[in-house]
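Here's the structure we're looking at; comments come further down.
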Amino acid sequence: MSMLPRLRQDLRGRLLSSITSSTSRLTTTAPLSRFATLHAPPVLINSHVAPQHLQLRLVPPIAYKPQRCYQSTTAESSEQTLSGLWKPTHLQKLFYGSGSVSNLVASLKSESSRALILTGNSLATKTPLIKQVEELLGSRHAATFSKIGQHAPVKDIDAALEVVLKDDKIDTIISIGGGSPIDAAKAISFRLHEKRGLFLHHVTIPTTLSAGECTFIAGYTGEDGVKTSVVHPELAPSVIIYDSQFALHTPEWLFMSTGLRSLDHAVELQYYPTATEMPCRQMALYAAGELFKYLPKYKENPRDEEAITKLLLAAFASLGFIGLNVRGGLGLSHTLGYALGSPYQIPHGITSCMTLGHVVKLKAETSKENAAQIARLAPFIGLTNSGNKTADATAVGDAILKLVRDLGLFTTLTEKGVGKDKVQTIVRMATGQESGPQYEKVKALVEGLY
């Protein structure tokens with residue numbers, strides 16, 4: 001055997017060994033409310049071809065670690081916009097438009113699939129939506145679990161998991177609602193994989209603009225009240241259905257505030273180190289423009305299904321193109337949101353309303369690199385670039401604060417019942433620090449939220 005074929009054979013053997021070894025580490029027996037470590041298998045390029053023709057170019061294995069969501073340093077931007085690697089999730093279909101829920105049955109995993117509907121109490125008891133979905137499914141409907149609370153409490157996730165475990169025929173989960181049921185569905189799939197080695201096929205029908213449907217991260221609230229997350233590529237939904245008729249039942253304040261959450265994604269991706277220029281940052285810029293344009297239109301007429309559909313698509317654009325390029329929290333506004341959200345029962349849309357504009361202004365003042373990235377948003381949200389990146393980025397922050405006020409979403413930590421004695425705890429959770437220059441800057445920001 002010549003040297004080249006022998007080398008190829010050796011590489012092929014090592015490759016297959018690596019795949020087997022990595023795959024064997026995918027299961028963890030740690031309970032959902034605790035930490036565990038997952039190792040994803042290497043990503044194969046052109047892995048659909050026969051083994052003897054595998055392209056031996058690998059993306060290195062990535063370690064996925066469930067983590068407390070607030071434990072993340074503030075992201076620093078990367079200006080390497082002309083080189084990179086985008087790794088998409090396994091999203092298969094995205095339907096949008098009024099009445100697009102009609103595609104639900106065709107979105108199931110197979111013709112014999114049975115599905116669990118996962119939602120919250122309000123949608124189940126105060127709207128006709130859940131009954132409508134049950135009727136659409138017919139014999140494919142296995143059960144409905146409608147007790148998912150705000151911030152996806154782990155006790156609710158465990159209770160829903162028991163429903164799945166009692167019916168071996170359930171292979172699909174349909175989440176309906178905002179970020180809580182969507183993240184809960186991912187967490188249930190994660191737990192099922194722990195116990196049976198299988199992930200659920202996830203179809204989601206979002207009714208808010210939180211964009212939880214865009215990621216492979218499942219955030220939930222542990223028994224200690226702290227927001228925690230588990231991550232795995234297989235947790236990303238396979239099908240998204242953006243039906244504007246479903247969003248008509250969402251309270252206006254909730255729909256608009258989650259729009260600010262999407263804006264939070266779009267802004268912080270501009271300085272997120274592993275965000276790719278195309279499609280991630282470019283689509284996030286587009287999303288910011290659409291959110292600035294259509295949130296006021298929605299406020300004028302919350303029954304405008306064109307505006308609703310535009311906003312749902314903007315929510316997807318704000319985060320849907322991060323793909324698998326995720327390493328830790330997005331940025332300071334997000335980590336502050338985790339520190340304020342589940343511990344004090346403040347919805348994440350509202351935390352973004354409070355923090356985003358101020359974080360942008362802080363970034364503009366303290367980092368030329370981040371200011372340059374933020375300034376790119378200016379023309380998309382109706383501002384004119386002056387050529388001074390710091391000034392332009394500061395103007396973006398001011399525009400965000402004005403949008404929040406124009407939408408009637410301005411609030412304070414005092415109004416939310418968070419005492420000033422909690423400032424140090426909030427800052428410590430958001431920064432992971434006890435003192436230092438960054439700690440002091442964030443402390444001043446939080447004190448300004450009262």
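The values are calculated or read from the model by the stated rules, or taken from the named source; none is laboratory data. Predicted, not measured: the structure shown is a model, and the values here were computed from it. Using ideal geometry, Cβ is built from the backbone for each residue, glycine included, and neighbour counts are taken over all protein chains shown.
Matching residues to (1) part of a loop (DSSP other than H, G, I, E, B); (2) modelled with pLDDT of 95 or more; (3) at positive phi:
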residue	(1), (2), (3)
SER77	yes, no, no
LEU82	yes, no, no
PRO88	yes, yes, no
LEU91	yes, yes, no
PHE95	no, yes, no
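Return the total of residues in the stretch 97-142 being closer than 20 Å to LEU254 by Cα and either at pLDDT below 95 or not small (Gly, Ala, Ser) (or both).
Going through the stretch 97-142 one residue at a time, the tally reaches 10.
Among the residues that make up the stretch 144-155, is at least one of them in contact (Cβ under 8 Å) with a residue 60 or more places away in the chain, surrounded by fewer than 21 Cβ atoms within 10 Å (Cβ to Cβ) and within 21 Å of PHE255 (Cβ to Cβ)?
Yes, the stretch 144-155 contains a residue that is in contact (Cβ under 8 Å) with a residue 60 or more places away in the chain, surrounded by fewer than 21 Cβ atoms within 10 Å (Cβ to Cβ) and within 21 Å of PHE255 (Cβ to Cβ).
Considering only residues that are buried (at least 24 other Cβ atoms within 10 Å of the Cβ), more than 21 Å from ALA314 (Cβ to Cβ) and polar (S, T, N, Q), which ones fall in the stretch 203-242?
THR221, THR228
Taking the criterion of being surrounded by fewer than 21 Cβ atoms within 10 Å (Cβ to Cβ), touching a Pro at 6+ places or on another chain (Cβ under 8 Å) and among the charged types (D, E, K, R), would at least one residue in the stretch 325-334 satisfy it?
Taking every residue of the stretch 325-334 in turn, at least one turns out to be surrounded by fewer than 21 Cβ atoms within 10 Å (Cβ to Cβ), touching a Pro at 6+ places or on another chain (Cβ under 8 Å) and among the charged types (D, E, K, R).
Going through ILE173, ILE182 one at a time, which residue ends up being among the β-branched types (Val, Ile, Thr), buried (at least 23 other Cβ atoms within 10 Å of the Cβ), outside the structural domain of MET283 (by the TED database) and more than 19 Å from SER244 (Cβ to Cβ)?
After applying the criteria, what remains is ILE173.
Where in the stretch 104-166 are the helices (runs of 4 or more DSSP H), entirely inside, with at least 1 residues that are outside the structural domain of SER229 (by the TED database)?
none
Can you find, within the stretch 201-249, the residue that is farthest from the chain's Cα centre (by Cα) among those that are part of a helix (DSSP H, G or I) and among the small types (Gly, Ala, Ser)?
SER244
List the helices (runs of 4 or more DSSP H) inside the stretch 331-450, counting only whole elements, that have at least 2 residues being within 30 Å of GLY225 (Cα to Cα). Walk me through it before giving the result.
Numbers: elements: 332-344, 348-366, 368-375, 389-406, 423-431, 437-447.
Fully inside the stretch 331-450 and qualifying: 332-344, 348-366, 389-406, 423-431, 437-447.
Of everything in the stretch 178-217, what is of a type in the set (Gly, Ala, Ser) and touching a residue at least 60 places away in the same chain (Cβ under 8 Å)? Give them in sequence order.
Correct list: GLY178, GLY179, SER180, ALA184, ALA185, ALA187, GLY197, SER210, ALA211.
Can you tell me which of SER244, SER238 is among the hydroxyl-bearing types (Ser, Thr, Tyr), more than 30 Å from LEU192 (Cα to Cα) and in the same structural domain as SER100 (by the TED database)?
Numbers: SER238 fails: more than 30 Å from LEU192 (Cα to Cα).
Just one listed residue meets the conditions, SER244.
Hey, ALA375 hits all of (1) within 19 Å of GLN438 (Cβ to Cβ); (2) within 26 Å of the chain's Cα centre (by Cα) but one; which does it fall short on?
(1)
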